[in-house]
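The values are calculated or read from the model by the stated rules, or taken from the named source; none is laboratory data. Predicted, not measured: the structure shown is a model, and the values here were computed from it. Methodologically, a virtual Cβ is constructed for each residue, glycine included, from the backbone with ideal geometry; neighbour enumeration extends over all protein chains shown. Each accessible area value is taken on the protein alone, full model and side chains, heavy atoms only, with ligands, DNA and RNA left out. Shrake-Rupley method; radii C 1.70, N 1.55, O 1.52, S 1.80 Å.
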Amino acid sequence: MHPHFPRFFNTAGPCRPEEHYMLPPEQRVLDIRGLIDSAAYFVIHAPRQSGKTTLLRNLSRQLTQEGRYAAITISLEVFIGNDVATMWPQFPSKCQHDALRQWPSELQAPPSEALGAEPHVGLTQYLSTWASLCPRPLVIFFDEVDALQGEVLISLLRQLRDGYCSRPAPFPYSVALVGMRDVRDYRGQVRDEGGSIGSASPFNIKSESLRLSNFDADEVRALLEQHTEATGQRFDADAATEIFEQTQGQPWLCNALAHLLCTHRAPLVPDRSQNVTRQHVLEAREILIERRDTHLDSLVARLREDRVRRIIEPILTGELKLDSATSDDDFSYVRDLGLVRLDKGQRVIANPIYQEIIPRVLTYQLQSSIPLEPAWYIAEDGTLDLMKLLEGFVQFWHRNGEVLLRGMPYQEAAPHLVLMAYLQRVVNGGGHILREFAVGTGRADLVISFGGRDDVLELKLLRDKYTLEDGKQQVARYAKRLGRDHGYLVIFDNRVGSPWEERGRFEQHQHDGVELTVLWA
């Protein structure tokens with residue numbers, strides 16, 4: 001990059017230290033060099049745009065420059081297809097191309113002739129030849145291994161295993177498979193394709209599965225400090241804290257917020273003498289959520305998958321649901337995608353930004369089709385008249401509820417999602433909704449901020465005679481935490497055969513000094 005061009009927060013592709021603010025990616029993976037030094041074959045996995053390719057490219061460059069290894073990153077993203085005989089003959093030209101870009105002239109990949117005629121063993125032959133010709137121990141990082149499907153994936157795993165077991169015959173010294181998912185999920189992927197790997201583990205020669213961690217709070221501050229050192233523009237302490245809280249350290253989200261704030265072509269805080277405040281961060285958050293960049297769309301596209309729905313839906317409703325179709329592998333898969341995490345043993349959405357985006361995405365078409373005039377629900381003092389809003393929702397629910405419940409993909413969470421869509425339609429442009437979901441809580445908590453006032457609204461499914469009492473306690477506790485003396489509880493009767501004409505009853509209750517409005521829907 002031209003020396004007069006300032007560095008910026010990157011949101012597109014791998015980071016380069018000469019162009020972008022970035023943290024040393026090796027710090028986020030424990031003992032990766034130790035694994036390489038011990039000639040290990042291993043796995044690195046993390047959600048999309050977490051810094052995997054940045055790590056690999058920087059590490060392979062450093063290892064090669066140090067002179068002890070010949071390390072190279074080879075992306076498998078272009079190997080799309082399920083025909084081994086078609087795919088692997090393209091492999092030598094890819095290696096030669098990547099070697100020319102990444103290595104000095106004395107280190108190059110062998111020509112296509114080294115591949116061999118039989119594709120199911122040709123890859124082993126090619127890598128053996130490459131290792132024998134290379135003047136240094138050969139280290140290969142196979143990036144985007146998730147792109148491989150069916151027989152092509154099986155072929156790669158089998159041939160790597162074959163070459164590994166033949167050592168000390170020439171073969172790559174250390175190999176890493178790198179992608180979004182841990183290697184345990186490859187077996188499910190292959191089963192879906194109708195193939196079989198033929199062993200208890202698809203890559204049972206691996207020494208470790210390493211997860212590339214998110215930034216912690218100190219690392220987020222260190223990243224932001226690079227901008228301060230370069231420009232003099234500071235982030236208030238609570239602004240840096242808010243960036244971490246909103247993103248939980250997800251690297252792309254951290255960079256995306258900071259980019260919108262400071263280094264975008266039209267940044268929210270263009271004056272370098274002006275500090276970035278927490279309020280600026282919240283404004284950037286809303287822009288990011290509304291804009292839904294490619295990174296966010298690639299995540300939410302997964303929401304339609306059954307194994308994703310089985311994990312996400314109970315989180316949205318707060319219900320601890322034991323489903324025989326749901327496995328620990330499902331949760332691991334959805335966590336590897338970056339959509340969920342464990343927080344004090346509870347399954348929760350990975351961060352507040354995803355927590356906001358997921359319900360919006362699931363109800364986008366519904367929200368845009370609700371014929372509302374939001375101003376009708378705004379009181380004279382500029383706050384939201386929640387009682388009037390809930391009465392309007394009851395009317396909408398009576399007219400459209402049955403049809404909506406039949407058509408929504410998340411059946412169990414459908415009542416929650418419909419009400420959230422209705423609220424979002426009203427709140428858009430004048431406030432925001434803070435959502436808290438977690439499996440096992442038995443509820444979904446919403447805080448509606450509008451006109452300078454926060455209102456507590458809690459959603460529950462009617463399960464038993466304790467639902468009302470539990471809900472009253474929970475709403476009162478949450479309302480008092482926010483300094484409010486009034487809270488709202490909506491209990492959805494989702495039982496088969498429950499008559500629609502009996503839904504929509506309001507009751508007034510009191511609990512622990514808090515006035516409660518209860519809607520039976």
Say whether the condition of being acidic (Asp, Glu), in contact (Cβ under 8 Å) with a residue 40 or more places away in the chain, open to solvent by 10 Å² or more (accessible area, probe 1.4 Å) and in a helix (DSSP H, G or I) is met by at least one residue in the range 279-296.
yes
The range 24-55, subset aliphatic (A, V, I, L, M) and under 20 Å from the mean Cα position of the chain (by Cα), residue surrounded by the fewest Cβ atoms within 10 Å (Cβ to Cβ)
29
Which of the residues that make up the range 121-152 are among the small types (Gly, Ala, Ser), open to solvent by less than 50 Å² (accessible area, probe 1.4 Å) and closer than 11 Å to residue 171 by Cβ?
128, 131
Subset of the range 35-52, residues closer than 18 Å to residue 164 by Cβ and part of a helix (DSSP H, G or I), comes to 35, 36, 37
Exactly one of these conditions fails for residue 84: (1) more than 36 Å from the chain's Cα centre (by Cα); (2) touching a residue at least 12 places away in the same chain (Cβ under 8 Å). Give me its number.
(1)
Counted residues in the range 488-505 being of a type outside the set (Val, Ile, Thr), within 32 Å of the chain's Cα centre (by Cα) and either open to solvent by 70 Å² or more (accessible area, probe 1.4 Å) or modelled with pLDDT of 95 or more (or both) come to 2
Scanning the range 506-521 for residues that are among the acidic types (Asp, Glu) and open to solvent by 60 Å² or more (accessible area, probe 1.4 Å) gives 512, 515
Within the group 495, 484, 463, 477, which residue is charged (D, E, K, R) and touching a strand residue (DSSP E or B) at 6+ places or on another chain (Cβ under 8 Å)?
484
If residue 432 satisfies all but one of (1) exposed (fewer than 14 other Cβ atoms within 10 Å of the Cβ); (2) within 31 Å of the chain's Cα centre (by Cα), what's the number of the condition it fails?
(1)
Wholly within the range 121-221, strands (runs of 3 or more DSSP E) carrying at least 3 residues that are modelled with pLDDT of 90 or more:
138-143, 174-179
The one condition residue 410 fails out of (1) assigned to a loop (DSSP other than H, G, I, E, B); (2) touching a Phe, Trp or Tyr at 6+ places or on another chain (Cβ under 7 Å); (3) among the aromatic types (Phe, Trp, Tyr) is (2)
Given the condition in contact (Cβ under 8 Å) with a residue 40 or more places away in the chain and surrounded by 20 or more Cβ atoms within 10 Å (Cβ to Cβ), answer yes or no: does some residue in the range 93-115 qualify?
no
Taking the range 377-412 and the residues there that are under 13 Å from residue 521 (Cα atoms) and among the aromatic types (Phe, Trp, Tyr), the one that is surrounded by the most Cβ atoms within 10 Å (Cβ to Cβ) would be 397
Select from the range 436-487 the residues that are without any contact (Cβ under 8 Å) to a residue 60 or more places away in the chain and of a type in the set (Gly, Ala, Ser) and write down the one among them that is surrounded by the most Cβ atoms within 10 Å (Cβ to Cβ).
487
Considering each of 353, 311 in turn, give the residue that is touching a strand residue (DSSP E or B) at 6+ places or on another chain (Cβ under 9 Å) and within 23 Å of residue 419 (Cα to Cα).
311
